[in-house]
Amino acid sequence: MRIPHRTPQAVANGQWRALLTTCAVCAVAACSGGGTDVTPVCTVSAITVGAAATTITVGQSTQASANYTAQNCSPAPTLSWSSDNAAVASVASDGRITGVTPGGPVTIRAATNGRSGTVAITVIQVPVATVALAPTTATLIVGQTTTLVATARDAAGGVLTGRTVTWGSSNNATATVAAGVVTSVAPGGPVTITATVEGISATAAITVNAPVYLAYGLAGVATPAAPYAATEAFTGAGDAPTVAKVATGSYEVTIPGMAAGNPSQRFAYVNARATFAQCHPNGNPTNVGNGALLLKVICGSVNTGAAVDAPFSFVAFGRGVFTGRTGFLVTPQAAIAASPFSPTSPFTYTSRGTDADVTVEGTGSPGRYTIKFLALGRQGTDNPENHFSQSWGTTAGTWCADGGWSLSVFSATVYCYGPTGAAVDERFGTLVIDAGRAGKRFAVSWMYDPVTPANPVGSYTYSTGGAISIARLGLGSYDVTFAGLGGAASVPVSAIVSSYGGSANNNHCTAIQITRAGADLVVRVACVTAGAALNVDQVFTIAIIE
């Protein structure tokens, strides 16, 4: 193109302005009086920007594209991509947009040669596909709490964090929930606890039981001049048990707050705390005035069976529902026929069933019995348990010992002996505890080989503290250490000890001392022979209850 030479007249009549307009779209190599050639300018039309998806989730990407036309452009124009909020949605140089955090809409811009176009992108959370609660069931006693954990997952099973969980209870009068912490209020249930995350819910079933009424203590003075408070004592009601001597070897223990209208929820255990004596409950626990439970105890010499004063420890259960797997019974008679019968006395109880779920049968030999807690058999993986037996208030100096148990149907063997060690028919009580009581420290262990003691491990050892260890001090004398169960001196603790499987020599074991060694608890156990009460090594079981 040739540009005419400028003249005053052309300028005057506007021709030069037209020429300037022409020059605006031409590359002028030279503009001289005689005119010259020009190169075309690269021009870009309006830019339209789109994206495969305008709503994406955090971590998801989508490809953006820009549509436009370019004239006289060589090489082709280069697009520049940008985000007005890269903290929410970022964009790469190739137009790939990635969600960073929920928000938007974010403006994504493509620009070149003075032209630009935009697309709006919104970023949302990854949708919740499922919600799971753990645990899905729990049993609490009034005032106890447990924490539920809600886990949200996406469709691929990935765990989603940072989500808001809304909690709710189907019955706040029984159990409430806040931030996953369930607090039991009153007996009842099951209560449905619901956790909801972005419209997706999961539930757990919570059952609330009445408080466990349990008491124990040590009658540490064998010949008290007047009633005195038991030491190392605990009651669910919070009042101290008292002990009174009635006659030689005969005592009455009064336990406040333990009276139960249902006799099936009254039970007691007694162990002598001396190697020269056997102590037993003397008849059934009874309700007395002011809501207390009365436990009568007799003690007799292991040499002669005659009544003898002795210190003893006791464990008693009152009204309330037990947590964990627990069962106990008192046989209504000493001589039991070979055919099984269900002990329907008011002192038979199991936490998973009724009296009919407990059967007792003789073995055809005096003093040999089998007890079956049908409702306590293992259902898959379960917690370790222990079993304790002793004679029940007939003849001083007789005793009953554990002879072992099986697990599929909880079947325990009991052996009973007279003062001279001969097998005799005897009325007895037995106690099964599994995993202890919620909210209290608890330990059970079976001492397999007291001659060469080692740290007991395996299915029959359990502690809410640390490891359990045993040291043999001499013939028939042992210190059993329960790591972490020492606690403060003001916290009461008691021990139940029973010889185990005494079919060979009819021996007897008892706890004679409990001491605290820093954070640990140490129980001294003594085992003696029947009749002569000579020290003897003996396998035994032991339970610690706080």
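Read-outs throughout are calculated quantities, based only on the coordinates presented, and are distinct from any laboratory measurement. From a predicted model like this one, the values you see are computed outputs, not experimental measurements. Here the Cβ is made from the backbone with ideal geometry for all residues, glycine too, and neighbour counts use every protein chain on show.
Using a Förster distance of 30 Å, how high is the FRET efficiency between Leu473 and Thr304, based on the Cβ-Cβ distance and rounded to 0.05?
0.65
If I model a spin label at Ser365 and Val491 as a point 7 Å from the Cα along the Cα→Cβ vector, what separation in nanometres do I get?
The two pseudo-label positions are separated by 4.3 nm.
Starting from the amide H of Gly531, placed 1.01 Å from N in the peptide plane, find each other amide H under 5 Å away whose residue is 5 or more places distant or on another chain.
Gly421
Apply the Karplus parameterisation 6.51 cos²θ - 1.76 cosθ + 1.60, with θ equal to phi minus 60°, to every residue of the range 473-490 and state each ³J(HN,Hα) to the nearest whole Hz, in sequence, with x for glycine and proline.
These are the phi-based 3J(HN,Hα) values: 8, x, 4, x, 10, 9, 10, 9, 9, 10, 4, x, 9, x, x, 6, 4, 7 Hz.
Once amide H atoms are placed 1.01 Å from N in the peptide plane, what residues at a sequence separation of 5 or more from Thr55, or on another chain, have their amide H within under 5 Å of its amide H?
Thr122
Hey, can you rank 47-54, 475-482 by average C-beta count inside 10 Å, highest first?
475-482, 47-54
Through the Karplus equation 6.51 cos²θ - 1.76 cosθ + 1.60, θ set to phi - 60°, convert the phi angles of the range 401-411 into ³J(HN,Hα) values in whole Hz; use x for Gly and Pro.
Working through the residues one at a time gives 10, 6, x, x, 7, 10, 10, 4, 10, 5, 10 Hz.
Residue by residue, what Karplus-based ³J(HN,Hα) values in Hz, rounded to whole numbers, does the range 92-104 have, using 6.51, -1.76 and 1.60 with θ = phi - 60° and x for Gly and Pro?
Running phi through 6.51 cos²θ - 1.76 cosθ + 1.60 with θ = phi - 60° gives 8, 5, 9, x, 7, 9, 10, x, 9, 8, x, x, x Hz.
Highest mean first, how do 367-374, 268-275, 188-195 rank when packing is the count of other Cβ atoms within 10 Å averaged over residues?
Going from most to least packed, we get 268-275, 367-374, 188-195.
Using per-residue counts of other Cβ atoms within 10 Å, averaged over each peptide, order 77-86, 279-288 from highest down.
279-288, 77-86
Can you tell me, using C-alpha contacts under 8 Å and at least 6 residues apart, the relative contact order of the range 54-191 as a whole percent?
Relative contact order of the range 54-191: 18 percent.
List every residue whose amide H lies under 5 Å from the amide H of Gly257, counting only residues 5 or more places away in sequence or on a different chain, with H placed 1.01 Å from N in the peptide plane.
Ala292, Leu293
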